[in-house]
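Asks: Structure below; questions to follow.
The values are calculated or read from the model by the stated rules, or taken from the named source; none is laboratory data. Fair warning: this is a prediction, and the values are worked out from it, not measured in the lab. When we count neighbours, we look across all protein chains shown, and the Cβ atoms used for this are built from the backbone with ideal geometry, even at glycine. Calculation scope for accessible area: heavy atoms of the full protein, side chains included, ligands and nucleic acids excluded. Shrake-Rupley method; radii C 1.70, N 1.55, O 1.52, S 1.80 Å.
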Amino acid sequence: MLTSITDGILCCLTGKTDNLVLPLESSEPSDGFKFVEVKPGRVLRVRHIIPERPPPGAEEKAVGKKEEASERDGSPVDSGDADISVHCKRKITVYRNGQLVIENLGDVLHSEILQCQDGDLEPCSTVEVELADYKEIASSPDPKPVPPPVPPPQGEQKPAPPPRRRRRKPKRTLMIDSKRVITSCKGTHSDVALFFIHGVGGSLDIWSSQLDFFARLGYEVIAPDLAGHGASTAPQIAAAYTFYALAEDLRAIFKRYARKRNILIGHSYGVSFCTFLAHEYPDLVHKVVMINGGGPTALEPSLCSIFQLPSCVLHCLSPCLAWSFLKAGFAHQGAKEKQLLKQGNAFNVSPFVLRAMMSGQYWPEGDEVYHAELTVPILLVHGMCDKFVPVDEDLRMAEILLFGFLKVIDEGSHMVMMECPETVNTLLHEFFLWEPDMSSKNSLQGEKEQTAAKTDALQTLKHKKNGDK
């Protein structure tokens, strides 16, 4: 998806090269941090916040009282979560020239991410590009049926028959047929957990606004530090930072804290791990949020020449790297943004870890077909001023995903969740509470309107992008 040298500039921003690792005895301090040993000698710091919940049986008693009251006055019972079954059926055809054709054969899903009705938080000015889950395939590989020719009048020459189209043989064809239940997620429910995964050079500290916000709403939140980041251990071996090694670490964290319904939120390189977990655990992953994650392409190692310099040289260049990231990672370069860079261990990564992380981004399975197989609702959040990830990559991602929604925030850049925390928190909360509206499914008129709206939004977004340049 993302992050060749883009996330790489996140290194050396504080001039520190050693990670802070607290003793394992303090595995459950009062501030919500824990230390989990995913493998012998491989310890990750995890912030785990469990909200206060009513005693067991209290929720059932409350529901029983509502039912009794409804029987007396005849009012309907608010069940809280309305289960809606969505039939996900897709045919994916890959041709030898690399063309990918996706046909959605199941139910058509028409819905929007609703605005939050409670609270004073409102999204800032955004440009919304909503994915039509049923795409009209303009270039279908199968020839269209040709009506029988009308016989010409006597005495006229018979027209030549139309040329026959040659059918291309697909290289690979996949069929996806599954049914998924989509519900809203209430923070007071004990079966909902939110997982926040950062990217290269970051730490769980970049999610501080989101963790506090959703913990106050009653959600259970889990945010780990990747190996070599934040306060997790930093093995001095490059193999410890490959995509597969980090993915196995996060698999262990997910299996340890997963509930019945889990929502994954990833930023930048962390989006790849969210995709991996959603693909591996389709029955446990309820929804996914991808923040500035880039396009649905397989990962390949990419190492900028500057990070091949000796560690001592990189240490001396850390002020320049910090300024470069401040300009590219944030839409504005004021005192607020400078303070965000200095807070906590958010960007305290050694040159060795950075070099190993960037060279270990090898994930050939994560191609377009891999992403097209995802059947969970996915929210894409993109900062319009992001100089690392072009908006075209997220547009392509929205086209590939079955249930994908793209939100572009005008004021945000690569670190949009730190720049615009209220906007991001509101968008995420709306998405968590969102339920699909199946009343208009299989409607041809609705399909045409949805396609036209998507086209207009794409044109508006491109015009705005060109105008900013």
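Asks: Note down the accessible area of LYS327, probe 1.4 Å, to the nearest 10 Å².
Replies: Here the residue's solvent-accessible area equals roughly 90 Å².
Asks: Sorting ARG45, ARG96 by accessible area (1.4 Å probe), largest first, what list results?
Replies: ARG96, ARG45
Asks: What do you get for trypsin sites (Lys or Arg not before Pro) in the stretch 166-243 restricted to DSSP loop and a cutoff of at most 10 other Cβ within 10 Å of the site's Cβ?
Replies: Here the trypsin sites (Lys or Arg not before Pro) that fit, given the DSSP loop and packing criteria, are ARG166, ARG167.
Asks: Right, something else. Determine the shape class of the stretch 336-431: with a ≥ b ≥ c the square roots of the Cα gyration tensor eigenvalues, call it rounded for a/c under 1.5, and otherwise prolate if a/b is greater than b/c, oblate otherwise.
Replies: It comes out oblate by the Cα gyration axes.
Asks: Tell me, what ³J(HN,Hα) does each residue in the stretch 209-221 have, in order and in whole Hz, if you take phi through Karplus 6.51 cos²θ - 1.76 cosθ + 1.60 with θ = phi - 60° and put x for Gly and Pro?
Replies: For the stretch 209-221, the Karplus-derived couplings read 5, 5, 5, 5, 4, 6, 5, 5, 7, x, 7, 7, 10 Hz, x marking Gly and Pro.
Asks: Can you give me the solvent accessible area of GLU103 with a 1.4 Å probe, rounded to the nearest 10 Å²?
Replies: Estimated to the nearest 10 Å², GLU103 gives 50 Å².
Asks: Accessible surface of SER359 in the full protein assembly, 1.4 angstrom probe, to the nearest 10 Å²?
Replies: 60 Å²
Asks: Going through the cross-link list LYS34/LYS338; LYS89/LYS179; LYS39/LYS287; LYS179/LYS407; LYS91/LYS255; LYS327/LYS387, which pairs have a Cα-Cα distance over 19 Å in this structure?
Replies: Listed pairs above 19 Å: LYS34/LYS338; LYS39/LYS287; LYS179/LYS407; LYS91/LYS255.
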